[in-house]
Amino acid sequence: MAKPRSEKKRAKQLDLPPAPAPSPTTKVLPMKLQIGDRFSTESGEREVVGRPYTSAGGKMVHERVQYIGQPTTAVLWVWGAHERVSVRRA
């Protein structure tokens, strides 16, 4: 039985332009978040607006975040220091 052709070979065979790459996201620890980083939640996309700080002996990381372009929605977001966050760098 013949193997199916890969998408790359099929696109090359049909002379189609390659599909656009998805937006680059990286997974970082909460302490490595920078002002301007963006991440998505189930309620919308948020942006980091403050520097991180830790509590509970370095096990909890606190960060000020807001909905993009809406400074009145700034809240304090808390992560476990071991969790990784998928972000898009600005």
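Worth pointing out:
- Restricting attention to the stretch 32-45, the residues that are surrounded by 12 or more Cβ atoms within 10 Å (Cβ to Cβ) and out of contact with any Phe, Trp or Tyr (no Cβ under 9 Å at 6 or more places or on another chain) add up to 8.
- Hits in the stretch 49-90 (condition: modelled with pLDDT of 90 or more, in a strand (DSSP E or B) and under 13 Å from Leu29 (Cβ atoms)): Thr54, Met60, Val61, Glu63, Trp79, Gly80
- Qualifying residue in the stretch 33-42 (condition: at pLDDT 90 or above, outside any loop (DSSP other than H, G, I, E, B) and in contact with a helix residue (DSSP H, G or I) (Cβ under 7 Å, 6 or more places away or on another chain)): no
The values are calculated or read from the model by the stated rules, or taken from the named source; none is laboratory data. None of the values given here were measured: they were computed from a predicted structure. Counting neighbours? That spans all protein chains shown, and the Cβs are built from the backbone with ideal geometry, glycine included.
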